[in-house]
Amino acid sequence: MKSDYAICDLQGFFDNNNQFVLKEFCICDLDGTVSYHCLFQPPYPWDSLSHKVQNTNKYCSRNLHGLNWESGVLNYDDLTKTLRSATSKYKMIFVKGLDKKKFLDDKIDCYILDLGDCFVTQSLKSMVQPSSSPNVILCSYNHNNTVVKNNCALLNCKKLVAHWSNL
């Protein structure tokens, strides 16, 4: 049953221990319906990050995803509870990237498969805009950053759904 499976994407930053800090989470059913999309508040203040980590995260913000460390709606303390709730109806979640799979592994209760292992070899950036969405899909979390408007979790989910449907 299609609704038992979903595609998920994550965007975020790194902390002083080189641990991934989730900012944006999106999950779509295989028909492209967005099931859940959210932005998390930072787990701690920007000032607590080293200058090196701040510079790395500034680069990510400017050139990769356009997210701001300080922005967010949901409390980071509720991250695991939120992710489990958002994924509870699925038997299997597909992600692109081993790091994303590893991040989710101990946080959600369903099976996670890295699409890069067997189905999707091209980068998300090189995937074309889904034909069902001729205009650029841009979530409001990316601050309308034209440099990175093709790399939000929402658009990545839509690209992976379109790719999946062509397999």
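The values are calculated or read from the model by the stated rules, or taken from the named source; none is laboratory data. Source: prediction; values computed, not measured. Reconstructed Cβ throughout: ideal geometry from the backbone, glycine too, with neighbour counts over all protein chains shown.
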Original post:
If we scan region 45-57, do we find a residue that is at pLDDT below 95, of a type outside the set (A, V, I, L, M), touching an Asp or Glu at 6+ places or on another chain (Cβ under 7 Å) and surrounded by 13 or more Cβ atoms within 10 Å (Cβ to Cβ)?
Top reply: no
Subject >> Filtered residue count, region 12-42, keeping only those that are part of a loop (DSSP other than H, G, I, E, B), of a type outside the set (Val, Ile, Thr) and either touching a residue at least 60 places away in the same chain (Cβ under 8 Å) or surrounded by fewer than 16 Cβ atoms within 10 Å (Cβ to Cβ) (or both) >> reply: 7
Original post:
Mind checking which residues of region 66-84 are under 20 Å from Ser35 (Cβ atoms), assigned to a helix (DSSP H, G or I) and either of a type in the set (Phe, Trp, Tyr) or under 16 Å from the mean Cα position of the chain (by Cα) (or both)?
Top reply: Leu79, Thr80, Thr82, Leu83, Arg84
Subject >> Candidate set from region 143-165 (those that are among the polar types (S, T, N, Q), at pLDDT 60 or above and buried (at least 17 other Cβ atoms within 10 Å of the Cβ)); member that is nearest to Leu67 (Cα to Cα) >> reply: Asn151
**OP:** Kindly indicate whether Phe40 is modelled with pLDDT of 95 or more and within 16 Å of the chain's Cα centre (by Cα).
**Re:** yes
**OP:** Please go through region 43-81 and pick out each residue that is hydrophobic (A, V, I, L, M, F, W, C) and in contact (Cβ under 8 Å) with a residue 60 or more places away in the chain.
**Re:** Leu64, Leu67
Original post:
Quick check: is even one residue across region 94-110 more than 18 Å from Glu24 (Cβ to Cβ), surrounded by 12 or more Cβ atoms within 10 Å (Cβ to Cβ) and at pLDDT 85 or above?
Top reply: yes
